Amino acid sequence: MSFSEFKSISEVQKAYKIKYEDGLFISEKEVALSQGFIEDFEFNKENIDIFSSEASRSELIISPLLREMYKNHSEKYSFWIQKSIVFDAVLSGTPDYIFSKKSSLGKTVLETPIVIVVEAKKNDFEQGWGQCLAELVASQKINENVEKPVYGIVTDGNLWQFGRLKIDIFTKNEKNYTIDNSSRIYGALEFLANLIEQEEYST
């Protein structure tokens, strides 16, 4: 079995005794996108059908936004694309994107996955969240610390949704974000990155 075989949040809940709740833990941090990013992004929107395929959404929307945020946090964290993680025969597979704590051994070693990002294939957010929550459970078990939250993002490029797993409670953020205001998505990503930094390095 792999992460993608989980079709809904409830499947993962039943398998791993996870409680569900709605909450509001993400806000937008006031951070301006770079002019270079804005120009590239606007060029893509005006000249390319960015929603024509999963590949175009990934390469022209999702990856650029995640990479832009990562530039501000690369000293402490690593950014992975299509990196496999394995806890056991069931909790295994390849998340679309992972943010992890930076390893002292260098960029080739994955250490402590913190944020999992899943692309909602065929705009199916129900299955996307089933896959994402399974990946969060695996991350939690790999990290061997249920007290430290792990975070998930599910997106089809247009709609961005956020979730958090801490101990045995999965919280779905009540507020969603859309690509018609990319600066707000970027602000939400920056808010999450700073929240994680506070949690990781607080005494």
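Worth pointing out:
- Looking across the range 173-190, just one residue is more than 15 Å from the chain's Cα centre (by Cα) and of a type in the set (A, V, I, L, M), and that is Ile179.
- Qualifying residue in the range 131-143 (condition: hydrophobic (A, V, I, L, M, F, W, C) and modelled with pLDDT under 95): no
- Extreme residue, surrounded by the most Cβ atoms within 10 Å (Cβ to Cβ), among residues of the range 61-89 that are out of contact with any Lys or Arg (no Cβ under 7 Å at 6 or more places or on another chain), touching a residue at least 40 places away in the same chain (Cβ under 8 Å) and closer than 22 Å to Ala188 by Cα: Ile61
- Within the range 139-157, considering residues that are in contact with a Pro (Cβ under 8 Å, 6 or more places away or on another chain) and buried (at least 24 other Cβ atoms within 10 Å of the Cβ), the one farthest from Trp80 (Cα to Cα): Val150
- Members of the range 170-203 found to be more than 26 Å from Lys102 (Cα to Cα), surrounded by fewer than 22 Cβ atoms within 10 Å (Cβ to Cβ) and either in contact with a strand residue (DSSP E or B) (Cβ under 7 Å, 6 or more places away or on another chain) or basic (Lys, Arg) (or both), listed by number: Lys172, Glu174, Lys175, Asn176, Thr178, Arg184
- Test set (1) in contact with a Leu (Cβ under 9 Å, 6 or more places away or on another chain); (2) over 20 Å from Tyr177 (Cβ atoms); (3) in a loop (DSSP other than H, G, I, E, B) - Glu75 fails condition number: (1)
- Of the strands (runs of 3 or more DSSP E) lying entirely inside the range 114-196, those containing at least 1 residues that are without any contact (Cβ under 8 Å) to a residue 24 or more places away in the chain are 159-166.
- Residue count for the range 35-52 satisfying the condition of being part of a loop (DSSP other than H, G, I, E, B) and loosely packed, with under 12 Cβ neighbours inside 10 Å: 2.
- Residue within the range 51-58 that is over 17 Å from Gln161 (Cα atoms), without any contact (Cβ under 8 Å) to a residue 24 or more places away in the chain and over 19 Å from the mean Cα position of the chain (by Cα) present: yes
- So Lys121, is it modelled with pLDDT under 95, on the phi < 0 side of the Ramachandran plot and surrounded by fewer than 17 Cβ atoms within 10 Å (Cβ to Cβ): yes
- Of note, Ile98 does not satisfy the criterion of being outside any loop (DSSP other than H, G, I, E, B), farther than 25 Å from Glu54 by Cα and not basic (Lys, Arg).
- Residues (among the small types (Gly, Ala, Ser) and assigned to a loop (DSSP other than H, G, I, E, B)) located in the range 1-34: Ser2, Ser8, Ser27, Ala32, Ser34
The values are calculated or read from the model by the stated rules, or taken from the named source; none is laboratory data. Please read all numbers here as calculations on a predicted model, not as lab measurements. As a convention, Cβ positions derive from the backbone with ideal geometry for all residues, glycine included, and neighbour counts pool all protein chains shown.
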